[in-house]
Amino acid sequence: MRATPASLASEPDLAAAEPFSERLLAWYQHAGRHALPWKVDPTPYRVWLSEIMLQQTQVSTVLKYFDRFTTRFPDLQTLAESEEDAVLAAWTGLGYYRRARNLWRAARQVADEHGGQFPDSIEALQDLPGIGRSTAGAILALAFDQRATILDGNVKRVLCRIHGITEWPGKREIEQRLWRLAESHTPASDVAAYTQAIMDLGAKLCTRRNPACEECPVRDLCAARSLGLTGQIPAPAPRARLPERDACMLVVEDSNGHVLLERRPEQGVWGGLWCFPEYPDSEDPKVAVQRLADCPETVMLMREQMRHQFTHYRLNLTLCHVRIPDRAPLQVGERSLDWFAPEELSTVGLAAPVVRFLKPTRQH
DNA sequence: CAGGCGTGGTT
DNA sequence: TAACCAAGCCT
């Protein structure tokens, strides 16, 4: 028997006494998601990458990016030696772009500080940018089969129901309790399978809406079920009304189809990505163009209204389309501006308005 | 330490 | 349509 960690002592003896993890493992053998690409070949690099991509992002979305990304960056060495822009380009469309910049930085840190080998301690993992407590636990459990614990949205939902926790799981006190519960359920062996099992249970049976309780291997342990509270757990997050913001951007094209883009600052929305230059609402667009590029003739083509929906606010965009005769010299100043030929656009990270500008059915 | 950070899916 | 959310982390 291994010693019980001190952090588990305060939570009543669940792990030792009840067959929770064993039932999950048995269910997982025949009903789990065994075909996920990061599960089929669970190297530390692939598990790490998948965990970063999966932060606040659904599996179905990640599946569209994962294989393409690992083909372009097959190992940590390749990633560490690549340009940040190439990583952002591969991440374009996935969202939360700080994840991509942190991914690139973490790869360089592992190369520099750990000789290119992924560390296998919780402290060293959490020291890498973009890796927090849960992601570190996931890497240890899934890639190294160490006794470590995760607490993601799936696990929170499962544990809230099993233990009949009716308060919002994001609340600090509740989250701390959930960590203790998650640790107490984690078995000493088969940690990789157990960790995947509890996530798969949350994804396939214990879903937010219409959970398949009849098929659940631990339904007789479920407090929410016995209390008739399954539909009300987990409690929704308290939210404020959606605010709106306004912005104006210039779409400057020359006669050869080159586009003028600006690299956005790292801290805000679309951080580090290339986007149409913003200009103040109060400014005349022609003057705004003059501030960016030295071009004598400016032809205003059209104004376009575009709404962009984020999680926490709505962005009302005014796009001002402008054509100039040829690539004009840039009036750089503080801003990071550059002209892009059409074929260059796939080599850098592009913000959503640019992606939408490139794709759409522009049949004229 | 609440709030910021994206996109696509569901209801 | 608009709200809500999905394998969280960082400041």
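The values are calculated or read from the model by the stated rules, or taken from the named source; none is laboratory data. Source: prediction; values computed, not measured. FYI the Cβ positions are ideal-geometry reconstructions off the backbone, even for glycines, and counts take in every protein chain you see. Just the protein is used for accessible areas: all its heavy atoms, side chains included, with ligands, DNA and RNA removed. Shrake-Rupley method; radii C 1.70, N 1.55, O 1.52, S 1.80 Å.
Observations, loosely collected:
- Between A:Val155, A:Val62, A:Val287, the GNM of chain A built on Cα springs shorter than 10 angstrom shows A:Val287 fluctuating the most.
- For the pair region A:216-285 and region A:63-98, the centres of their Cα atoms are 20 angstrom apart.
- The aspartates and glutamates within cross-link reach of A:Lys286, meaning a Cα-to-Cα straight distance under 12 Å and a gap of 8 or more places when in the same chain, are A:Asp294, A:Glu297.
- Average accessible surface area per residue within region A:245-333, 1.4 Å rolling probe, Å²: 51 Å²
- Per-atom-type breakdown for region A:17-232 gives carbon and sulfur 46% of the accessible area (1.4 Å probe, protein chains only).
- Using C-alpha pairs below 8 Å separated by at least 6 residues, the relative contact order for chain A is 17 percent.
- The mean accessible area for residues of region A:65-121, using a 1.4 Å probe and ignoring ligands and nucleic acids, is 48 Å² per residue.
- Percent antiparallel among DSSP beta bridges (both partners in chain A, rounded to 5): 60 percent
- Pairs with C-alpha atoms separated by more than 27 Å, drawn from the list A:Lys39/A:Lys359; A:Lys39/A:Lys64; A:Lys64/A:Lys204, are A:Lys39/A:Lys359.
- Under 14 Å from the Cα of A:Lys156 - aspartates and glutamates, other chains or at least 8 residues apart: A:Glu167, A:Glu173, A:Glu175, A:Glu183, A:Asp200
- Simple label model, 7 Å out from Cα along Cβ direction - A:Arg307 to A:Asp220, nm: 5.2 nm
- Selected from A:Leu79, A:Thr230, A:Leu317, residue furthest toward positive end of dipole (chain A; charges at beta carbon): A:Thr230
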